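As structure tokens, the structure follows; a few thoughts come after it.
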Amino acid sequence: MSIIKSFENRRSIYSLGNRQILSQEEISNLIKKTIENAPTAFNSQSGRIVILYNEPYHTMWDITMKALNKVTPPERINSTLAKINSFKNGLGTILFFEDYSVISALQRKFPLYAESFPTWAEQSSGMLQYMVWLALAENKIGASVQHYSPLIEEDIKTQFNLPNEWHLISQMPFGSIEAIPCVKKINPIETRVKIFD
């Protein structure tokens, strides 16, 4: 498959199922190989990943729903619950973190760039998330990127005994693709790309 075709095939998949496309070991190895090859500023390798399957995976979304119950207006709670349940229907969830102990060390070592390191870490995290997402899509595994931090961050770190220096960036529920997404609307390319020659 060409790389452009891979880009086109990667979509946000919300209708997830738990049909086993790859084994847990194969999925985990795929993600490990991805993080090994993700680019980072100053080769910082500050990205951290937690892969949740089975009970820990469901616990994570239970924590999320409990947190959302406290802040969601009553008229929206049913749709919110349906959305969370759609994430729980899959095979697992990947949590993406940035290790701020690494970032802080770089800030001390290279004070000239200190203000930029958090931004560069966010950019590296975005690339890592996209690489993982693309790798899953190439293997016919659906996924989407969710952002429930900082709402759930402390509870997640406590539940899974994760270092305090890890900052939760996003959550990626994944599973078998149970419905094809609608056609993606793409704005005119002329409004998004300028070419000068």
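The set of residues from region 161-183 being out of contact with any Phe, Trp or Tyr (no Cβ under 7 Å at 6 or more places or on another chain), surrounded by 15 or more Cβ atoms within 10 Å (Cβ to Cβ) and in a loop (DSSP other than H, G, I, E, B) comprises Leu162, Glu178.
Considering region 156-188, the residues that are modelled with pLDDT under 95 and among the aliphatic types (A, V, I, L, M) include one that is nearest to Tyr57 (Cα to Cα), namely Ala179.
When you look at Glu98, is it among the acidic types (Asp, Glu), under 17 Å from the mean Cα position of the chain (by Cα) and either more than 30 Å from Ser6 (Cα to Cα) or not in a helix (DSSP H, G or I) (or both), yes or no?
Working: among the acidic types (Asp, Glu): yes; under 17 Å from the mean Cα position of the chain (by Cα): yes; either more than 30 Å from Ser6 (Cα to Cα) or not in a helix (DSSP H, G or I) (or both): yes.
It is true that Glu98 is among the acidic types (Asp, Glu), under 17 Å from the mean Cα position of the chain (by Cα) and either more than 30 Å from Ser6 (Cα to Cα) or not in a helix (DSSP H, G or I) (or both).
Any residue in region 8-24 that is within 30 Å of Ile103 (Cβ to Cβ), surrounded by fewer than 14 Cβ atoms within 10 Å (Cβ to Cβ) and in contact with a helix residue (DSSP H, G or I) (Cβ under 8 Å, 6 or more places away or on another chain)?
The answer is no; no qualifying residue exists.
Looking at Lys83, Lys33, Lys66, which one is farther than 19 Å from Pro173 by Cβ and out of contact with any Pro (no Cβ under 9 Å at 6 or more places or on another chain)?
On the way: Lys83 fails: farther than 19 Å from Pro173 by Cβ; Lys66 fails: farther than 19 Å from Pro173 by Cβ.
None of the others qualify; the one that does is Lys33.
For region 35-48, the candidate set comprises residues that are in contact (Cβ under 8 Å) with a residue 60 or more places away in the chain, out of contact with any Asp or Glu (no Cβ under 8 Å at 6 or more places or on another chain) and under 21 Å from Ala135 (Cα atoms); within that set, the residue that is surrounded by the most Cβ atoms within 10 Å (Cβ to Cβ) is Thr40.
Let's see how each residue does on (1) in a loop (DSSP other than H, G, I, E, B); (2) out of contact with any strand residue (DSSP E or B) (no Cβ under 8 Å at 6 or more places or on another chain); (3) among the small types (Gly, Ala, Ser):
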position: Leu30; (1), (2), (3): no, yes, no
position: Ile35; (1), (2), (3): no, no, no
position: Pro39; (1), (2), (3): yes, yes, no
position: Phe42; (1), (2), (3): no, yes, no
position: Ile49; (1), (2), (3): no, no, no
position: Tyr57; (1), (2), (3): no, no, no
position: Met60; (1), (2), (3): no, no, no
position: Lys66; (1), (2), (3): no, yes, no
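Touching a Leu at 6+ places or on another chain (Cβ under 9 Å), in contact (Cβ under 8 Å) with a residue 40 or more places away in the chain, small (Gly, Ala, Ser) and crowded, with 20+ Cβ neighbours inside 10 Å: is that true of Ala137 in this structure? Break it down into steps so the answer makes sense when it comes.
Details: touching a Leu at 6+ places or on another chain (Cβ under 9 Å): no; in contact (Cβ under 8 Å) with a residue 40 or more places away in the chain: yes; small (Gly, Ala, Ser): yes; crowded, with 20+ Cβ neighbours inside 10 Å: yes.
No; evaluated as a whole, the condition is false for this residue.
The values are calculated or read from the model by the stated rules, or taken from the named source; none is laboratory data. Model, not experiment: these values are computed from the prediction. No Cβ is skipped: glycine too gets one built from the backbone with ideal geometry, and neighbour counts run over all protein chains shown.
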